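Here's the structure, in structure tokens; my notes come after.
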């Protein structure tokens, strides 16, 4: 398994992971109607524009992108964090193998090199992966309500001190 910075040509693999992981992770949380309308083609276009704009890393196993993580400047300005883990998704078949932590650490190291000191992530309260963020030392600092597919969900904010996190 290799973790590397995303390059042009990775966008379809990233999009496939994005859509597939939403459909497995959020099944029973977000409506099936919303999950069914997710499009690899649309996400491919979004990721094509995103490569090179933020810290974006992929996990590759046997030539297949099986996960990705991306981060950049914190978007709300409401917390002590100066950077944010925007997204981290893995195919279900590779979850629980430590790949998520590795992806998160390379993004954190990249953001730290850019001068950031604290990283924030938002996670749906009903997302079982919330336990992952707690297990890797995330400190709960806030919550908000968001809308997905016409439904309202609670999101939880976690923060890490990058110096401590990247040296674990």
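The rows are residues; the columns are (1) in contact with a strand residue (DSSP E or B) (Cβ under 6 Å, 6 or more places away or on another chain); (2) touching a residue at least 40 places away in the same chain (Cβ under 8 Å); (3) crowded, with 19+ Cβ neighbours inside 10 Å.
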site	(1), (2), (3)
13	yes, yes, yes
26	no, yes, yes
31	no, yes, no
40	no, no, no
56	yes, yes, yes
61	no, yes, no
65	yes, yes, yes
68	yes, yes, yes
Would you check which residues across region 132-144 are within 15 Å of the chain's Cα centre (by Cα) and either assigned to a helix (DSSP H, G or I) or over 21 Å from residue 25 (Cα atoms) (or both) and list them? 132, 133, 134
Would you confirm whether or not region 26-33 contains a residue that is out of contact with any helix residue (DSSP H, G or I) (no Cβ under 8 Å at 6 or more places or on another chain), under 23 Å from residue 104 (Cβ atoms), modelled with pLDDT of 95 or more and assigned to a helix (DSSP H, G or I)? no
Being closer than 15 Å to residue 14 by Cα and outside any strand (DSSP E or B) is the filter here; which residues of region 63-88 pass it? 63
Within region 145-164, can one find any residue that is part of a loop (DSSP other than H, G, I, E, B), under 21 Å from residue 26 (Cβ atoms) and under 12 Å from the mean Cα position of the chain (by Cα)? no
Of the residues that make up region 113-131, is at least one part of a strand (DSSP E or B), at negative phi and surrounded by fewer than 16 Cβ atoms within 10 Å (Cβ to Cβ)? no
Go through region 89-112 and report how many residues are within 11 Å of the chain's Cα centre (by Cα) and outside any helix (DSSP H, G or I). 2
Among (1) touching a residue at least 40 places away in the same chain (Cβ under 8 Å); (2) closer than 16 Å to residue 91 by Cβ, residue 19 falls short only on (1)
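The values are calculated or read from the model by the stated rules, or taken from the named source; none is laboratory data. Note that the structure is predicted; figures quoted are calculated from it, not measured. Here Cβ is always computed from backbone atoms with ideal geometry, including for glycine, and neighbour counts include all displayed protein chains.
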